[in-house]
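The values are calculated or read from the model by the stated rules, or taken from the named source; none is laboratory data. This structure is a prediction, so every number in the text was calculated from the model and none was measured. Don't worry about glycine lacking a Cβ; one is built from the backbone with ideal geometry, like all the others, and counts go over all protein chains shown. The area values use the complete protein model at the heavy-atom level, side chains included, leaving out ligands, DNA and RNA. Shrake-Rupley method; radii C 1.70, N 1.55, O 1.52, S 1.80 Å.
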Amino acid sequence: MPERAKARVGVLISGRGSNMAALLYASRLDPACPYEIVVVGSNDPDAAGLKLAAAEAIPTFAHSHKGMKRAEFDAIITRELEAAGVTHIALAGYMRLLSAEFVTHWQGRCLNIHPSLLPKHKGLHTHQAVLDAGEAETGCTIHIVTPELDDGPILGQARIAVLPGDTPETLAVRVQYAEHQLYPRVLADFVSAADRPEALLTRVRGLIQNLPATADKLSHGMPAFFVEGGKFFAYFTHDHHHDGVTALLLKVSGQDEAAMLIEQDPERFFRPKYFGPAGWVGVVLTDGPDWGMIEALLTAAWRLCAPKRLAMLPI
Ligand code: GAR
């Protein structure tokens, strides 16, 4: 088996960047670490963590969000991250709400750290809220980012005791000790599991959500995606024929296109069984496919199956 490429992580910060540093040092300490930090970005050009990253020879970027629309600013951040070849994002004290566009684009590939035991105490002033609530313990949480603030599937938590006389400041310090242990571990586990069917399906769903008027249902036991008022254009298959293959089956323009894709890259593309001779191609989703190419094929498949009035839409 060829060695798997490391996940290329972009870290977004707004302040000190101690979690960014913890992620970076953990990755450098362990040659087998499945991720590397390739870029650090900020919405605050004065964020102290930027200097630290630069001193460690990590490329950085900063853009002030002042006076910009949220989605417009986030598009700049996405461009920066993609220019650096980022595969995953770690938010580490990035104190800026994200646009729905950004979250959808990076769905299933963007993690956040929050200094409480979520779902308790979302939002700001967490440590004060913990003290006000008289909690005996608090901690930190790593979760997958979804459009809702401090929500999304929880990947890991670390707990710490609240001591008599604790203040928001003393709590913050101890929570951060725990954060620095937790984040590298959870990020490493998460990127290693990138080939898991659930992670791949989440990513496919994220791309499909960007296409107009789509819905899905189970068909022949597979999540199948269709255009409302139109036809099925994609199926997600995992081990369907007990072959261990996780793939996307996509509508294409015809036999010629399917044959061309298979000839170009026979490891990635295949002719799906039982889908008739023409019009469909399978794309293996494991082992790091070109997701830009998958997005383009999905859009083309959607267009082939959409009713005329939708197929004309520019997307
Ligand atoms: C961390 O404690 C993180 O949990 C928190 O900001 C701090 C950043 O510190 N994040 C949030 O409050 C997000 N809502 P750092 O810049 O030293 O990593």
So in the range 175-198, with the set limited to residues that are of a type in the set (A, V, I, L, M) and buried (at least 18 other Cβ atoms within 10 Å of the Cβ), which one is modelled with the lowest pLDDT? 194
Which of the numbered conditions does residue 64 fail, given that it passes all the others? Conditions: (1) in contact with a Pro (Cβ under 8 Å, 6 or more places away or on another chain); (2) more than 16 Å from residue 191 (Cα to Cα); (3) crowded, with 16+ Cβ neighbours inside 10 Å. (3)
By residue number, the members of the range 1-31 that are open to solvent by 80 Å² or more (accessible area, probe 1.4 Å) and either in contact with a helix residue (DSSP H, G or I) (Cβ under 9 Å, 6 or more places away or on another chain) or of a type in the set (A, V, I, L, M, F, W, C) (or both) are 1, 4, 5, 16, 25, 29
Filter the range 133-157 down to the residues that are under 28 Å from residue 167 (Cβ atoms) and free of Cβ contacts under 8 Å to residues at least 24 places away in the same chain, then identify the one that is farthest from the ligand (Cβ to nearest atom). 134
Mind checking which residues of the range 81-111 are without any contact (Cβ under 8 Å) to a residue 60 or more places away in the chain, over 10 Å from the mean Cα position of the chain (by Cα) and within 23 Å of residue 16 (Cα to Cα)? 97, 98
State the number of residues belonging to the range 163-174 that are surrounded by 14 or more Cβ atoms within 10 Å (Cβ to Cβ) and not in a helix (DSSP H, G or I). 1
The correct count of residues that are over 21 Å from residue 201 (Cβ atoms), open to solvent by 60 Å² or more (accessible area, probe 1.4 Å) and in contact (Cβ under 8 Å) with a residue 12 or more places away in the chain in the range 241-266 is 2
Quick one: is residue 288 outside any helix (DSSP H, G or I) and in contact (Cβ under 8 Å) with a residue 24 or more places away in the chain? yes
Matching residues in the range 130-143 (touching an Asp or Glu at 6+ places or on another chain (Cβ under 9 Å) and surrounded by fewer than 19 Cβ atoms within 10 Å (Cβ to Cβ)) number 1
Name the single residue that is farthest from residue 98 (Cα to Cα) among those in the range 12-48 being more than 16 Å from the ligand (Cβ to nearest atom) and among the acidic types (Asp, Glu). 30
Can you tell me which residue within the range 78-100, out of those that are farther than 20 Å from residue 210 by Cβ, open to solvent by less than 40 Å² (accessible area, probe 1.4 Å) and not in a loop (DSSP other than H, G, I, E, B), is farthest from the ligand (Cβ to nearest atom)? 90
Condition broken by residue 146, with the remaining ones in (1) in a helix (DSSP H, G or I); (2) closer than 28 Å to residue 6 by Cβ; (3) open to solvent by 30 Å² or more (accessible area, probe 1.4 Å); (4) β-branched (Val, Ile, Thr) satisfied: (1)
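Out of 111, 117, 97, report the one residue that is touching a Gly at 6+ places or on another chain (Cβ under 6 Å) and not basic (Lys, Arg).
Matching residue, one of 111, 117, 97: 117.
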